[in-house]
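Any read-out appearing in this document is the output of simple, stated calculations on the displayed coordinates, not a laboratory observation. Since the model is a prediction, treat every value here as computed from it, not as a measurement. Here the Cβ is made from the backbone with ideal geometry for all residues, glycine too, and neighbour counts use every protein chain on show.
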Amino acid sequence: MKQINKSIISILLAFTMITSCFIIAFAEESTISPEETTETATEESSENQPDEPATEPEITEAADKNKDDVIGKIYLCSRWSGITTTGHLWVYVHNTSDEPITVGLLEVAPDDGISMATFGFTRSDGFGIYYNMETYRNDKYCDESCISLCDDLTVSELEKVNKKLLTSNQWNPFINCVFFACSIWNTAGNTFIMPFTYPPITRLIIKTAGGTETCIMVHQPAENTFKQRGFGNNSYLDPLSEKSLAK
């Protein structure tokens, strides 16, 4: 009797083990998602297809020319007001494109312009870059004594100008308005101008390089005049005071 019981128990255990194996196998098969099945089928089908040569994205000529698109005019301006003063130099950028452009920290609308220069003791808002001082006072700075050089300004040249502006917010007797204006111009203009500290000497170089015509700047209102603060990515603009504008 004991022998029979042992045989029955062995048969039941064997049946249980076989059933468990079937259940585990079925459970694993049902956990394969439809996505995995699709991926597997795709892989299998791709293996059966002949390999196609890999192609790199084509660089079109239009993409290369994008940086060379002319979007404005840049002017190097010099003003001489008589033997009692040393004069003044600044840069003026005019937007000739159909869209706004950003010059330094200021947006310039189509067919509009922006002037940039450095000042020291003669202005009340501190040493460094002033935006639109000359365009605000264009009756003063665009008189018959003003001469300028002009050149086309491309997208890539404007990028260089903007980088230079972020690191040029200073003024001293040596790194003055002449040094600033020439350094900005030399990043974009085709004619290199040596930035002599003394404005009359640089004015003579500008004349020799062909600068004779007055730069006619678009007038800007007082609320569009600013002083740059800080350097690099920390740069920002402050509105100019009435005291600075009155000088």
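Quick look at the values:
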read-out	value
Highest average packing first - 87-97, 236-246, 199-209, Cβ atoms within 10 Å	87-97, 199-209, 236-246
Extension reserve of the D111-N233 stretch, reckoned as 0.36 nm per residue once the Cα distance is removed	41.1 nm
Listed residue pairs exceeding 19 Å between alpha carbons, taken from K163/K207; K67/K163; K73/K243; K164/K227; K67/K207; K207/K247	K163/K207; K73/K243; K67/K207; K207/K247
Region 140-227: chymotrypsin sites (Phe, Trp or Tyr not before Pro) in DSSP loop, at most 15 other beta carbons within 10 Å	F174, F192, F196
Region 68-246: C-alpha gyration tensor shape, a/c 1.5 cut-off, then a/b vs b/c	rounded
Overall form of region 204-244 per C-alpha gyration tensor (a/c, 1.5; a/b vs b/c)	oblate
Added length on full extension, which subtracts the Cα-Cα distance from 0.36 nm per residue, S156 to M194	11.4 nm
